[in-house]
Amino acid sequence: SLSELSPQKYFSTLQPGKASLAYFCQADSPRNSVFLEELNEAVKPLQDYGISVAKVNCVKEETSRYCGKEKDSMKAYLFRGNILLREFPPDTLFDVNAIVAHVLFALLFNEVKYISTLEDLQNIESALKGKASIAFSYVRAIGTPEHRAVMEAAFVYGTTYQFVLTTETALLESIGTEDIKNAHLYFFHCKQVLDLTEQCRRTLMEPPLTTLNIHRFIKTMEAPLLTEVAEDPQQVSTVHLQLGLPLVFIVSQQATYEADRRTAEWVAWRLLGKAGVLLLLRDSSEVDIPQHANVVFRRAEEGVPVEFLVLHDVDLIISRVESNMHIEEIQEDEDEDMASPDMDIQDDEVAETVYRDRKRRLPLELTVEVTEETFNTTVVASDSIVLFYAGWQAVSMAFLQSYIDLAIKLKGG
C-alpha cells in the first residue's frame with residue numbers, strides 16, 4: 001500500500017539510481033482523497049518496474065521546498081536518487097493509467113521520441129535504416145490507457161526498437177490512416193533496409209492497444225517471416241501457435257519451388273501479425289498430402305485437425321485467415337454478452353480467483369526478491385526455489401499465492 005512519510009524520512013529512503021514518485025501534501029488536507037486512491041492503485045504496477053511510490057506529509061516542524069505554501073499547490077515529484085526529474089500537478093495524474101503512463105514516459109525520454117510532424121518521422125526513419133526497426137504509435141492523449149500500454153511495452157523493448165509517439169491526428173493521416181478516432185501502432189521494418197532510398201515496410205497492429213496485445217504483436221514481428229518445413233503440419237510448433245495465431249502452409253514441390261517461395265513470402269507479408277506462414281515441401285515430406293491441395297490451414301486451438309485446401313489466389317488465402325479471425329471475434333463478443341453484469345469479475349476461473357483475493361496481503365517477507373545483479377550470488381549461495389512471475393498476468397498471480405503458501409509450510413518445517 002501507499003507509504004506515508006515525513007519529508008526527512010522520505011529523502012532518507014532514496015537510493016542512487018532508483019526512481020521514486022512522491023506526492024507532497026499538507027498532513028491535514030483531505031481534498032485529494034480521489035487522487036490518493038488512484039495513486040494507491042498505481043503502487044503495485046510501478047513497483048513492478050522498480051519505481052517506489054510514497055505520500056509525503058508536509059508538517060510544520062519540517063520545511064521542504066517541495067511542500068507548497070497553499071494546500072491547492074501540492075504536486076507529485078519524480079526522483080531518480082536525489083535528482084528531481086519531473087514534477088506533476090495532480091490534475092495531470094487523473095487516474096492509475098495516467099500515473100503509470102506519465103511516470104514511465106518521463107523515465108523513458110531516451111527510449112521514446114515524441115514527434116509532431118511527418119518530417120520528424122521521416123528523419124528518424126532515414127537515420128535507422130539498416131540499424132533498427134521502429135514502433136510508431138498514435139494515441140489520442142497523454143495519460144490514456146493506450147498511452148500506458150505503449151509506455152509499458154517501451155519499458156521492455158525500448159533498447160531493441162526505437163519507440164516513436166505522437167498525438168497529432170494530421171501526422172497519422174499523412175501516413176495513410178483514415179481512422180483517427182482510435183489509437184494505432186505501426187511496426188516499421190527499417191533494420192532490413194540497406195538502400196537508403198527505399199521506404200521501410202510498415203505493418204499495422206489491428207487489435208486494440210493493450211499491453212498484452214502489443215507484446216503479442218512485437219513477438220510476431222521478431223519471428224521469422226517464412227519457415228521451411230517437411231514434417232507433419234499437425235506436429236509443427238511455432239511462436240504463432242503459442243500466441244493464439246493460426247498457421248498457413250504453402251505446399252511446394254521441387255519443380256515449382258522458386259515460384260512457391262515467392263508466393264509464400266508475399267502471403268507472409270500480407271499476414272504478418274495475423275498468422276504464421278510456412279513453406280511445406282511436398283517432395284521431402286512423409287505426410288500424405290492430397291494431390292490437389294496447395295494450402296494447409298491449421299487453427300491455434302489444440303485438437304483441431306488441419307484443413308487441406310485448394311486455393312489458387314493469394315487473396316483467397318488472406319480472406320481465409322481474416323474470416324476465421326472475424327468468426328473468433330464474434331464468438332468472443334457473444335461470450336462477453338453472456339457474462340455476468342459485474343464485469344470486474346472475469347469468467348476465467350484463474351482471473352476470478354485473482355480478483356477475489358486482490359486485497360489479500362501476501363507475506364512476501366518469507367521470500368527473497370532477486371534482481372539481475374543479485375540473482376547469481378543469491379541462488380548459488382544455497383539451494384533455492386526461484387519463481388519468475390509477471391504482476392500483470394492472472395496465472396502468474398494465482399501461482400504466486402500458492403508459491404507463498406509453500407514458503408509458509410517450508411518455514412514451519
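The values are calculated or read from the model by the stated rules, or taken from the named source; none is laboratory data. Because the structure is a prediction, the values reported are computed rather than measured. Because the Cβ atoms are built from the backbone with ideal geometry, glycine has one as well, and the counts that use them run over all protein chains shown. Surface areas here come from the heavy atoms of the whole protein model, side chains and all, with no ligands, DNA or RNA. Shrake-Rupley method; radii C 1.70, N 1.55, O 1.52, S 1.80 Å.
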The condition from (1) touching a residue at least 40 places away in the same chain (Cβ under 8 Å); (2) more than 18 Å from the chain's Cα centre (by Cα) that Glu119 misses is numbered (1)
Test of understanding: among Val112, Val100, which residue is within 27 Å of Asn40 (Cα to Cα) and in contact with a Phe, Trp or Tyr (Cβ under 7 Å, 6 or more places away or on another chain)? Val112
When the stretch 137-165 is examined, which residues are found to be open to solvent by less than 20 Å² (accessible area, probe 1.4 Å), among the hydrophobic types (A, V, I, L, M, F, W, C) and either without any contact (Cβ under 8 Å) to a residue 12 or more places away in the chain or touching a Ser or Thr at 6+ places or on another chain (Cβ under 8 Å) (or both)? Val139, Ala149, Val150, Ala153, Phe163, Val164, Leu165
In this structure, does Val229 turn out to be touching a helix residue (DSSP H, G or I) at 6+ places or on another chain (Cβ under 9 Å) and either more than 26 Å from Cys190 (Cα to Cα) or in the same structural domain as Ala132 (by the TED database) (or both)? no
Just for the stretch 251-273: of the residues that are among the aromatic types (Phe, Trp, Tyr) and under 35 Å from the mean Cα position of the chain (by Cα), which one is least open to solvent (accessible area, probe 1.4 Å)? Trp269
Neighbours by Cβ (under 6 Å, 6+ apart or cross-chain): first from the stretch 271-285, in a loop (DSSP other than H, G, I, E, B) and at pLDDT below 90; second open to solvent by 10 Å² or more (accessible area, probe 1.4 Å) and not hydroxyl-bearing (Ser, Thr, Tyr): Arg282/Val251; Arg282/Gln253; Arg282/Ile289; Asp283/Gln253; Asp283/Gln254; Ser284/Ala230; Ser285/Ala230
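Is it true that some residue in the stretch 274-295 is closer than 30 Å to Val100 by Cα and either touching a Ser or Thr at 6+ places or on another chain (Cβ under 9 Å) or open to solvent by less than 30 Å² (accessible area, probe 1.4 Å) (or both)?
Among the residues of the stretch 274-295, at least one is closer than 30 Å to Val100 by Cα and either touching a Ser or Thr at 6+ places or on another chain (Cβ under 9 Å) or open to solvent by less than 30 Å² (accessible area, probe 1.4 Å) (or both), which makes the answer yes.
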Filter the stretch 11-27 for residues that are touching a helix residue (DSSP H, G or I) at 6+ places or on another chain (Cβ under 9 Å) and not hydrophobic (A, V, I, L, M, F, W, C); which is modelled with the highest pLDDT? Ser20
